[in-house]
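For reference, the structure is listed below as structure tokens.
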Amino acid sequence: MTDTALAPTTPTPAGRLVVDLDRVGPPDVAEVGGKAANLGSLRGAGFRVPPGFVVTSSAYLAALTGATCRQEVLDEFRSLVSIDDPERRGERAAALRRRVASVPVPGEVRVAVATALERLGPEAVLAVRSSATSEDAAGASFAGAHATLLGVSGLTEALRAISTCWVSAFTDRAIAYRVERGLLDEPIVAVVVQVAVPADVAGVAFSERPDGSGPGLVVVESARGLGESVVSGAVEPDHDEVDVASWTVTTRRPGRQSERLVLSGDGVHRVAGGVDPGPHVLDEATVVGIARTVRTVADHFAGPQDVEWALVGDDLWILQSRPITTIVPGRSPSPHTSPILRPSAGGLRGLGASRGVASGPVRVVADPRHPGAFTAGDVLVARSTSPDWVPLLRRAAAVVTESGGTTCHAAIVSRELGVPCVVGVHDATRVLADGTVVTVDGGAGSVTMGAAVPADSGAPPEAAASTPVPTVDPGATATRIEVNLGVVASAASAAALPVDGVGLLRAEVLLVDALDGVHPVAMVEAGGADRFVDRLAEAVAAVAAPFGRRPVRYRSTDFRSNEFARLEGGEGVEPRESNPMIGYRGCYRYVSDPVLFGLELEALARVRVDHPNVHLMIPFVRTRWELAACLDLVDASPLGADRGLERWIMAEVPSVVYRLADYAALGVTGVSIGTNDLTQLLLGVDRDSSVCAPLFDPADRAVLAAISDIVAGAREAGLATSLCGQAPSDDPAFAEHLVRAGIDAISVTPDAVGPLRRAVAAAERRLVLEAARTSVH
């Protein structure tokens, strides 16, 4: 690859839209962003930086202004950053991203970009990166928060990539980082477009240890192929440390790499195998050469730097340089911390799923039945969790998982327990070593080194869950406001809130406790059925008692086959399914194997003797015939003669829209809309996928239309209606949609009761006012 420069583009009266990278530096941060300003400064100082240009912040603002939505975007950003709950904030952020994505690139920007691309050469393969005006600054690196697109070719792809970078200013990670750092000014994005470097070897280097423990040591991490595999944590890179006093390599730790990313004319490709099996990616002389260059970069910026680099043959290219933001002068690093947590210098990042901050030693657990040294107050790190993990979740100071979105099991249970949780943290089980003390921030979605808050003393985190003080009369709204619960410990505090009952009592946690982590088949074979019924009945009664006469709807077990398989004795019993989310679960499972469901019904019959406010809700109903067979099981159970029992179903599968009259004829009392499953099935989005999280939107017009149809159809069939989900408490428009549709009840987590009641009350007042005005006219 060769280094060429562009002629400067002509400024426009509204500001420069596109500017050559050679023409920018630190004074231009407001126009080109921190990343571009740093790269331009390095090019001007003679460092080998790929040539390119910057689509300036003026171009971004011109696009918003041309679409008449700049103020709208700013107002929505300022509104959502005040939302504490990460799930609700994520839903609003997704809507904001869709709005920004709809903004076209203005014609004058297209022309300027086309001209700049011609100067780079028609065959140029590009790297397109965001450069926010607050990015790569001394106090805010934004590492990994904004978009980077490699292997971009041609004008059409370049314009699409530029738009993607604009949208990335409002990703969940970027917003969480802004909130964490107090960066609440208008997000403004420039975009760097450079010739991509077809790296043979690439990586990240720190001019000193990012935890402050080694000011005389340069850290170099490297892998074969493009450096994105190192930055993202997709591979375990080599880790070398160089002593700058002697310029010798003092630490060599080989990584593991079974594949590499390569750049070609048609994009980026993942190549498996073909990786040199030698013990080290680089020889010591090359490592020292990189270290010397990185220290020179730090001298240039007069401060410690985090540098992304690439080697093509013997040529070293600098791809990015930003300040190391984790070094605090005068603060000694914790003796328990590791030198670096990837993929960012400050630690690991994922999706904030349950707000709160907690510190403690890491315990990586692969199987909840064998937790090893895990004790109360540890930070639980796992690939994912399911209901059989709940005993560990209860005792954890914080939870970190590699997969999942804000509606996954770990997220839902952590929120109810009041445990900080970050999900979607790639490679967490590999990067975080047992015993390392870390701080988990469930609001910001970060895992950082050291203890920022005192470690838990050993008391279960659920004991410290906050209990909001009721400030609104429960009768203040015609629409019933109810709560979602899943653990006994939350019942008393939730019952003290101004709520009308429990709209969703999840069975899964109660069930795992009653099963002692054993699969139902093994439990029955061991003669444990009576003990199971006793324990489940005791738990349900403990939830029901504080609510008095207010209804408690018990949703019978909705384990998926992969979750059942994790229980002791379940591996050889459960079917292996490629997609358990739409597999052997819910109502159909009861019909196919009624043993466990029968024991649940027996427990409920026992509970209703003293607590007739408890009712049954059947999940994941697909067809009329399976529901009819399931209700036959209810009729044949001790509950069959109980005329006061309400029989509810969850409205999660879209087929329910067409079957409401049929279900009513079977004796169903009401339907409760489950927004998580309904959204994933209508939009075709795996609700547990962190990769597809931006697509998961309960406020999508298709989902809203289905909800309206369900409510209208249920009313026509004489069925009561409810909805379980967070969206109405976060989005007043969503709440108003439900009120206007005529829904009877809305059920949310306890922390969302206040915001929801206010939103519903406002919507009801508007309806009354509109009716009054209509009657006057």
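The values are calculated or read from the model by the stated rules, or taken from the named source; none is laboratory data. Remember, predicted model here, so these are calculated numbers, not experimental data. Using ideal geometry, Cβ is built from the backbone for each residue, glycine included, and neighbour counts are taken over all protein chains shown. Surface accessibility is based on the protein's heavy atoms, side chains included, excluding ligands, DNA and RNA. Shrake-Rupley method; radii C 1.70, N 1.55, O 1.52, S 1.80 Å.
Observations on the structure shown:
- Between residue 266 and residue 427, the distance separating the two model label sites (each 7 Å from Cα on the Cα→Cβ line) works out to 2.9 nm.
- Heavy-atom accessible area ranking, 1.4 Å probe, most first, across 395, 553, 506: 395, 506, 553
- The residues of the range 710-757 expose on average 27 square angstrom of accessible surface per residue, using a 1.4 Å probe on protein heavy atoms.
- Rounded to whole Hz, the Karplus (6.51, -1.76, 1.60) HN-Hα couplings of the range 676-681, x for glycine and proline: 5, 5, 4, 5, 5, 7
- Distances between placed amide hydrogens fall under 5 Å for residue 584 paired with 561, all partners being 5 or more residues away or on another chain.
- Projected label distance in nm at residue 573 and residue 665, using a 7 Å step from Cα toward the beta-carbon: 3.7
- Electrostatic bookkeeping for residue 251 treats Lys and Arg as +1 and Asp and Glu as -1; over the other residues with beta carbon under 12 Å from its beta carbon, the sum is -3.
- Taking every alpha-carbon pair under 8 Å whose residues sit at least 6 apart, the range 677-743 reaches a relative contact order of 24 percent.
- Sequence-ordered 3J(HN,Hα) estimates for the range 712-724 from the Karplus curve with 6.51, -1.76 and 1.60 and θ = phi - 60° stand at 5, x, 5, 4, 5, 8, x, 9, 6, 9, 8, 9, 10 Hz, glycine and proline given as x.
- Measuring nothing but how far apart in sequence close Cα pairs (under 8 Å, 6+ apart) lie, relative to its length, the range 623-777 scores a relative contact order of 19 percent.
- Amide H to amide H distances under 5 Å link residue 384 with 402, where only residues 5 or more positions off or on other chains count and H is placed in the peptide plane.
- Mean separation of Cα contacts under 8 Å (6+ apart) over length of the range 573-696, as relative contact order %: 22
- Residues within the reach of a label modelled at residue 247 (point 7 angstrom out along Cα to beta-carbon, backbone nitrogen below 18 Å), restricted to the range 288-305, are 288-300.
- Rounded, prolate or oblate (a/c below 1.5 giving rounded, otherwise prolate when a/b exceeds b/c) for the range 52-100 by Cα gyration tensor: prolate
- Applying 1/(1 + (r/R0)^6) with R0 = 25 Å to the Cβ-Cβ distance of residue 774 and residue 72 gives a FRET efficiency near 0.25.
- The spacing between the range 381-396 and the range 87-105, judged by their C-alpha centroids, is 32 Å.
- Spatially, the range 585-612 and the range 416-441 are offset by 36 Å when compared through their Cα centroids.
- Accessible surface calculations at 1.4 Å, restricted to protein heavy atoms, place the range 594-644 at 41 Å² per residue.
- Total formal charge among the other residues, if their Cβ is under 9 angstrom from that of residue 272, Lys/Arg +1 and Asp/Glu -1: +1
- Tensor-based shape of the range 490-630 (alpha-carbon gyration tensor, a/c under 1.5 rounded, otherwise prolate or oblate): prolate
- Pairwise FRET efficiency - residue 314 versus residue 123, Cβ, R0 = 30 Å, nearest 0.05: 0.80
- Were the residues from residue 609 through residue 284 laid out at 0.36 nm apart, the gain over their Cα-Cα distance would be 109.4 nm.
- The residue 376 and residue 108 beta-carbon pair, evaluated with R₀ = 45 Å, returns a calculated FRET efficiency of approximately 0.15.
- Residues whose amide H falls under 5 Å from that of residue 502, counting only those 5 or more places apart or on a different chain, are 483, 552, 553, with hydrogens built in the peptide plane.
- 3J(HN,Hα) along the range 370-376: 10, x, x, 8, 4, 9, 4 Hz, from the Karplus curve 6.51 cos²θ - 1.76 cosθ + 1.60 with θ = phi - 60°, whole Hz, x for Gly and Pro.
- Cα gyration tensor shape for the range 658-777, rounded if a/c is under 1.5, else prolate or oblate: oblate
- Packing, taken as the mean count of other beta carbons within 10 Å per residue, orders the peptides 64-77, 24-37 from highest to lowest as 24-37, 64-77.
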